[in-house]
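Just so it is clear, none of the values below were taken in a lab; they were calculated from the coordinates. Not measured: the values here are computed from a predicted model. Positions of Cβ are generated from backbone atoms using ideal geometry, with glycine treated the same way; all protein chains shown enter the neighbour counts.
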């Protein structure tokens, strides 16, 4: 009987290919694998993936190249960016995207939590954990733990506050978030709830970094994370930092969380104990993301707590933090719905891995996972350079730059690309310095004059 090929091996190959905007040769795929694989074995895996229509082969012999089908990288209904996911995750995505009337109502499944045994069961296969370990380890491992997060403290405050808030529908831009966090300036046209949400994220991240020696999967950390993230956002102020005693419903899903306070308390303690016992920091992070979201232990703000809690083991182990940079809201929601409604983690897992690859590249931990250029940045390169240069030459301040950038996006960028385009330009402006202004054909005098206005 032929030996069964592990699904994890096939998924790892698909992720490597899908991460590249262009077709790639077999040697590129081989170099990207976490473990060495004989060439002939890899070629057989590739042939199988082509037969399964998970990959497309182009060319012949030494010129043969592979690429992911276009539908892997694009959300089927929005037309916007969607992370490359496995075929199994695609089926799950389709299931949770079916009309809500066709989905079966379901309650909290205690067996989903109880069936997980730390360091025996794994949501993240071995090759994925090794891949995340390789890209997440910053240079200088001999330093004391938690120093890595502190070295990128200012950038992390803005990135994680903005991205986590964005996943909740917050409409602050990246630059507006920076001005709010650094200078306390509220953006025009934004409501108080959006402003409070971002400030709450700032306070919660400061807790994680400032008390890195005390945080962990314990009641103190998780309850206080919730208290900070929910401050001034709940109808009942006394609910901040406390497990809920009332039923809650979640819009857009057929999932009905637990209602009995004693059971919520029991499951919450079990989640903390299980998470604390997990040895691998990435498995620990993903377990927390899954189960703190699924339990819905608080009246609100549960997913925000889960996203920040996922950073606890990464910060304690001195790995690159997870800031959810570039994660499409639709992909994240689909992954969470799959956990809620059918207790399947594969889709959220693929989004988690993709998100961590983006975060590690963002903070220059290891750039191997994103060796290929951002295709959207390539597409709009001329326009990006043009708008950055014009903002500098006209000495536009941050407030005016936001309005100018949004107008440009509406007039000249495809609707499904506008949010990402704005983020790219805002990031370029925030990272502009004397050593990279030549890319935008700017002179030192123009840059210095603009800086006085900008800051």
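Brief remarks on what is shown
- Computed over the stretch 7-69: relative contact order in percent, which uses C-alpha pairs under 8 Å that are six or more apart: 39
- Summarising the strand pairing of the chain, around 75 percent of its internal DSSP beta bridges are antiparallel.
- Applying 0.36 nm per residue to the separation of residue 265 and residue 277 and subtracting their alpha-carbon distance, the gain on full extension is 2.5 nm.
- Computed helical MRE - 222 nm, the chain, DSSP H runs ≥ 4 contributing -39500 (n - 2.57), nearest 500: -17000 deg cm²/dmol
- Peptides 188-197, 214-223 ordered by average Cβ neighbours within 10 Å, highest first: 214-223, 188-197
- The chain: relative contact order as a whole-number percent, Cα under 8 Å and 6+ apart: 19
- Computing Cα extents along the principal axes in Å directly from the structure and comparing it against (i) 69, 56, 44; (ii) 68, 67, 52; (iii) 82, 51, 48 singles out (ii).
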